[in-house]
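Q: Got a structure here, written out as structure tokens. Questions coming.
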Amino acid sequence: MSNEKHHIVPYRVYALVLVALLALTFASIGIVSIELGKYTVAAALIFATIKSFLVLTYFMHLKYDKPYIKAMVAFVFAIFFVVIVITFLDYLYRT
Amino acid sequence: MEQHAHTQHDHFDAEASKIGMWLFIFTELLLFGGLFIVYSVYRFMNQEAFHLAAVELNTTIGAINTVLLLVSSMTIAVSTTTLQLKKKGLTLFLLGITVIIGIVFLVNKYFEWGAKIDHGIWPGSEHLKTAFSQGEILFFGLYYVMTGLHALHIIIGLIIILFAAHRVYKGTVNENRAALLENAGLYWHLVDLIWIFLFPLFYLIH
Amino acid sequence: MLAALFFGNGAPETGWTFYAPYSFKTGTNLLPAVFGAFVLGFSSILTGLNFLVTIHRMRCSGMKWTKLPLFVWTLYGTAWIQLLATPVVGITLVLIALERIFGVGVFDPALGGDPILYQHLFWIYSHPAVYIMILPAMGAISEIIPTFAQKQVFGYKAIIASTMEIAFVGYLVWGHHMFTAGMSGTAQYYFSLLTFIVAIPSAIKVFNWISTMYKGSINVQTPLYWAASFIFVFMIGGLSGLVLGSLATDVHVHDTAFVVAHFHYIVFGGTGFAFMAAIHYWFPKIYGRMYDKGWANAGWLVFFIGFLALYTPLFYLGMMGMPRRYYDYMKEFHGGNILSTFGSWILATGLVIIIVNLVKSARHGAPAEMNPWHSKTLEWKVSSPPSVENFDEIPEIAENDGPYNYK
């Protein structure tokens, strides 16, 4: 369907995203070498979340996709999060 | 038969194949999601042991592999742009680079696993059972299962990319019908996405 | 999976749940069974994927989301569950296989694993699996009732909303299979609460079906008999589910025949009855021939009586404390079990009547009209049986057309 021709992403965008991703990778390696105690895990995961967000938005073209595809992706991540939370309702409160 | 192929041609729907791929990616995410649930529960139950065991892993190799995957993700993303700009040669070149990086990743992984096995650490090994605590056994079990399954996905991804490259070469994947290449790209980014989480969970947390 | 029964060291003795740690300790031939289940899961995922893409992209012009027949809507919800729940059990089965082959410690308590985690992962899929069974059944009923009441379905959007709510909340209630497995108390409260919440949309559907029939011009035919008896047994099954969903009563009836009765009232009484309703509804479309209505009704009556006699005593037996999964029972349970056994014979007789009637009619029945039930959905606008390409011209849905626009 050539009438649904989608947006051509310029090279510059990809290059910038890659630079950001690499910077975040090294930043996350850096931050866990500082002793943050129990926040280390949280810090590493926050960096990973930002990175995955960049990959989803730019590399996987979600930014240029129709809203319903974005909604489906968000829904799947949300439901996975809910499942983890519910599973932990068990493990957090074991005696 | 000829007629049939023709009607199928008319039914070509890039958006349908795109959401089909996305839906498949959802199942892959939940496939790994199951493993992430297992990981997070056991990590919660054995915090100290996971800490100790993660020290055994080589952060440098992990970081190199992360960089490799990120770069390869970019090259395949750029290749979809070059295809739309009708630069076939450049597209094939970028896909070639992606495949080579993927193979280098696997070679790295091979040496990494090999080093672990040389130290007597593999699932069910005597050394693992006698010298390590239960939490560490769980950690290494998950390490092998999750990175192994991820490596399997890399191999599948490479096959898909090679297939797409072949179709680009023949010209059946072109600027008007780019869905196959874009879906190969989506799959490769998925592999990248999972690694983005595997890397901190196994290599960084110590 | 069948191969596992006949080759190797004997059939898997874990039951269908493959509960860890027994599933990787048993000497029996478990791997082929697990592999079979995995392949089955994969085909289920691909089916779901196919349905979703089809529903998103291949609707004919004018077929808006708010004009889709309710059966299609339930398939849509089902497909999402298949897509999102099946991979979780897939990876769980892979883990069991790896544990058996390589001795990877994942669920083995001797290596620090937690068998209850296996149960979590298993039920994350296997609870939604029963919604995969019941949702299309509800969809078929939602088609049949307006057709035979010749009336606009009551609360079209409410039915859609309840379908999607069942699909969504049903994904989150897996823990109610594990109330006595050793979960934390907090988790039990939440799972119990969510289980009650999932009962609400099911009840909404029942109200909608009954309200659709209210003041309709009812055309009493075999599919309607099936559909009406579906509502009846589904209500009993659903209400008994609440007994199991609340913690205190569940501890009393857990793993008793009460659970068996509940499960069969929903999955056999619900899905099975709706399946029969759907077969008798679409039969003339599929084969272009009409079945013998007298025999079909007789088959329904015998089947229904047999069903009630078979499963109702199990509620009573379960309350009295008869455990499930035993072939023997104590003396005081004798009466109920005898009644139940008689019921099973009656049910089998009914089933034979139905099958013989349908098979005979498919070959020799009187030719059916294009639209014997005067339904408004699209499949009745083509000849019976439909031709290969279905529609010579892709139909268009006008502003005032709809799947349930009866006067």
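Q: If you average the C-alpha positions of region C:301-376 and of region B:153-206 separately, how far apart do those two centres end up, in angstrom?
A: 52
Q: Here's another thing I want to ask about it. Cα centroids of region C:276-293 and region C:200-236: how far apart, whole angstrom?
A: Between the Cα centre of region C:276-293 and that of region C:200-236, the gap is 19 Å.
Q: While we're on this one: Lys pairs in chain C, Cα-Cα under 14 Å, at least 8 apart or on separate chains: how many?
A: Lysine pairs meeting both conditions in chain C amount to 12.
Q: Treat every Asp and Glu Cβ in chain B as -1 and every Lys and Arg Cβ as +1, leave all other atoms uncharged, and give the resulting dipole magnitude about the Cα centre to the nearest 20 debye. Spell out each step's value before the answer.
A: Working: 11 positive and 14 negative charges, 92 e Å.
Here chain B has a charge dipole of around 440 debye.
Q: If you take the charge dipole of the protein assembly as shown about its Cα centre, with +1 on Lys and Arg Cβ and -1 on Asp and Glu Cβ, which of C:L83, C:N400, C:H262 is farthest toward its positive end?
A: C:N400
Q: Using the Kirkwood formula on the Cα atoms of chain C, what hydrodynamic radius do you get, in angstrom to one decimal?
A: In chain C this quantity evaluates to 23.2 Å.
Q: Taking the 0 to 90 degree range and rounding to the nearest ten, how far is the long axis of helix B:59-84 tilted relative to the main principal axis of chain B, both from C-alpha atoms?
A: Long axis of B:59-84 versus the principal axis of chain B: about 10 degrees.
Q: While we're here: Which one, C:G294, C:G343, C:H364, projects farthest toward the positive side of the charge dipole computed for region C:247-372 from Cβ point charges (K/R +1, D/E -1)?
A: Of C:G294, C:G343, C:H364, it is C:H364.
Q: Shifting gears a bit: Mean separation of Cα pairs under 8 Å and 6+ residues apart, divided by the residue count of chain C: what relative contact order is that in percent?
A: 16
Q: Can you give the net charge of the other residues whose Cβ lies under 13 Å from the Cβ of B:R43, counting K and R as +1 and D and E as -1?
A: Surrounding charge for B:R43 is -2.
Q: What does the highest-first list of B:37-48, C:265-276 look like by mean Cβ count within 10 Å?
A: With the highest mean Cβ count within 10 Å placed first, the list reads C:265-276, B:37-48.
Q: Can you compute the helix-only [θ] at 222 nm over chain C? Use -39500 (n - 2.57) per DSSP H run of at least 4 residues, normalise by all residues, nearest 500 deg cm²/dmol. Don't jump to the answer; show the numbers that get you there.
A: On the way: 13 runs with 260 residues, N = 407.
One gets -22000 deg cm²/dmol as the mean residue ellipticity at 222 nm.
Q: Please list the helices of chain C that count as membrane-span-like by this rule: a mean Kyte-Doolittle hydropathy of at least -1.0 together with Cα atoms stretching 30 Å or more along the helix axis, each helix being a complete DSSP H run.
A: Those that clear 30 Å and a mean of -1.0 are C:30-57, C:70-102, C:115-149, C:185-213, C:222-245, C:293-320, C:334-364.
Q: What fraction of the Cα pairs in region C:237-376, stated in percent, has a spacing above 20 angstrom?
A: Values: 5375 of 9730 pairs.
Counting every Cα pair in region C:237-376, those more than 20 Å apart make up 55 percent.
Q: Looking only at Cα atoms, what is the convex hull volume of region C:88-217 per residue, in Å³?
A: Considering the Cα atoms of region C:88-217, their hull volume per residue is 103 Å³.
Q: Turning to a different aspect of this structure: Under 18 Å between alpha carbons, and skipping anything fewer than 8 positions from A:K63 in its own chain: which lysines qualify?
A: The qualifying lysines are A:K5, A:K51, B:K18.
Q: Also: Mean projection of the alpha-carbon convex hull of region B:15-204 over all orientations, in nm²?
A: 10.8
Q: Test of understanding: what is the full-extension gain from A:K70 to A:S33, defined as 0.36 nm times their sequence separation minus their Cα-Cα distance?
A: Details: separation 37, 0.36 × 37 = 13.32 nm, distance 3.53 nm.
Using 0.36 nm per residue and subtracting the Cα-Cα distance, I get 9.8 nm.
Q: Next question, about the same structure. Normalised by the empirical 2.2 N^0.38 Å for globular proteins, what value does the Cα Rg of region B:40-141 take?
A: On the way: Rg = 19.2 Å, N = 102, 2.2 N^0.38 = 12.8 Å.
Taking N as the residue count of region B:40-141, the ratio is 1.51.
Q: Now a separate question. Rank by packing, highest mean first: peptides C:138-146, A:10-18, C:285-293, with packing defined as the count of other Cβ atoms within 10 Å averaged across residues.
A: The densest-packed peptide leads the list: C:138-146, C:285-293, A:10-18.
Q: Once Lys and Arg get +1 and Asp and Glu get -1 on their Cβ, which of C:A278, B:T147, C:I132 lies farthest toward the positive end of the dipole of the protein assembly as shown?
A: C:A278
Q: Starting from the exponent 0.38 and prefactor 2.2 Å, build the expected Rg for chain A from its residue count and divide its actual Cα Rg by it.
A: Computed over Cα atoms of chain A, the ratio equals 1.44.
Q: In degrees, nearest 10, range 0 to 90: what is the angle between the Cα axis of helix A:39-54 and the longest Cα principal axis of chain A?
A: The angle comes out at about 10 degrees.
Q: Quick one: among B:N58, B:N176, B:N108, which has the greatest mean-square fluctuation in a GNM of chain B with alpha-carbon springs under 10 angstrom?
A: The residue with the greatest mean-square fluctuation here is B:N176.
Q: While we're on this one: Output the Cα-based Rg and Dmax of region C:30-159 in Å, rounding Rg to one decimal and Dmax to a whole number.
A: Over region C:30-159's Cα set, Rg and Dmax evaluate to 19.5, 63 Å.
Q: Let me ask you something else. First obtain the Kirkwood hydrodynamic radius of region C:1-217 from its Cα pairs, then insert it into the Stokes-Einstein equation at 20 °C and 1.002 mPa s, and state the resulting D in µm² per second as a whole number.
A: 111
Q: Name the residues of region C:368-392 whose amide N is less than 13 Å from a point 7 angstrom out from the Cα of C:A398 along the C-beta direction?
A: From region C:368-392, the list is empty.
Q: Could you tell me the calculated FRET efficiency between A:I50 and B:K88, based on Cβ-Cβ distance and R0 = 22 angstrom, to the nearest 0.05?
A: 0.05
Q: Using modelled amide H (1.01 Å from N, peptide plane; none on Pro or chain starts), what sits under 5 Å from the amide H of C:R289, excluding residues fewer than 5 places away?
A: Amide H neighbours of C:R289: C:A368.
Q: Quote to one decimal, in nm, the extra length available between C:L301 and C:T341 on full extension: 0.36 nm per residue of separation minus the C-alpha distance between them.
A: 12.6 nm
Q: Take every Cα-Cα distance within region C:312-407, group them into 10 Å bins from 0 onward, and report for each bin the whole-number percent of pairs it holds.
A: 12, 23, 17, 15, 19, 13, 2
Q: Less than 10 Å Cβ to Cβ from B:L70, Lys/Arg counted +1 and Asp/Glu -1: what total charge do the surrounding residues give?
A: 0
Q: Same structure again: Could you work out the relative contact order of region B:15-204? I mean the mean sequence separation of Cα pairs under 8 Å and 6+ apart, divided by the number of residues, in percent. Please list the in-between numbers first.
A: Details: 161 pairs, mean separation 66.1, N = 190.
So the answer I get is 35 percent.
Q: Here's something else I'd like to know. Below 8 Å, C-alpha to C-alpha, sequence gap of six or more: please give me the relative contact order for region B:96-178 in percent.
A: This gives 28 percent for region B:96-178.
Q: A further question on this structure: State to the nearest 20 debye the size of the charge dipole of region C:283-388 about its Cα centre, where the only charges are +1 on K and R beta carbons and -1 on D and E beta carbons.
A: 280
Q: Further, regarding this structure: Quick one: Debye curve from the alpha-carbon atoms of the protein assembly as shown only, equal weights, vacuum; give me log10 I(q)/I(0) at q = 0.05, 0.06, 0.09, 0.11 Å⁻¹ to two decimals.
A: For the protein assembly as shown at q = 0.05, 0.06, 0.09, 0.11 Å⁻¹, log10 I(q)/I(0) is -0.29, -0.42, -0.93, -1.29.
Q: When we measure straight from the Cα of B:K88, which aspartates and glutamates land under 12 angstrom away, once same-chain ones fewer than 8 places off are left out?
A: B:E175
Q: Residue by residue, what Karplus-based ³J(HN,Hα) values in Hz, rounded to whole numbers, does region A:71-78 have, using 6.51, -1.76 and 1.60 with θ = phi - 60° and x for Gly and Pro?
A: Rounded to whole hertz, the list is 4, 5, 4, 4, 4, 5, 5, 5.
Q: For C:E379 and C:S61 in the same chain, what is the full-extension length gain: residue separation times 0.36 nm, less their Cα-Cα distance, in nm?
A: Working: separation 318, 0.36 × 318 = 114.48 nm, distance 1.55 nm.
That pair, C:E379 and C:S61, stretches by 112.9 nm at full extension.
Q: Would you mind working out the magnitude of the charge dipole of chain C relative to its Cα centre, with +1 at each Lys and Arg C-beta and -1 at each Asp and Glu C-beta, to the nearest 20 Debye?
A: For chain C, the charge dipole is close to 720 debye.
Q: Turning to a different aspect of this structure: Over the whole of B:75-83, what's the average partner chain Cβ count within 10 Å per residue? Rounded to a whole number, please.
A: If you average over the peptide's residues, the count of other-chain Cβ atoms is 4.
Bear in mind that the values in this text are calculations on the coordinates, not laboratory data. Predicted model, so just to flag it, every value in this text is computed and none were measured. All Cβ positions, even for glycine, are placed from backbone atoms using ideal geometry, and neighbour counts span all protein chains on display.
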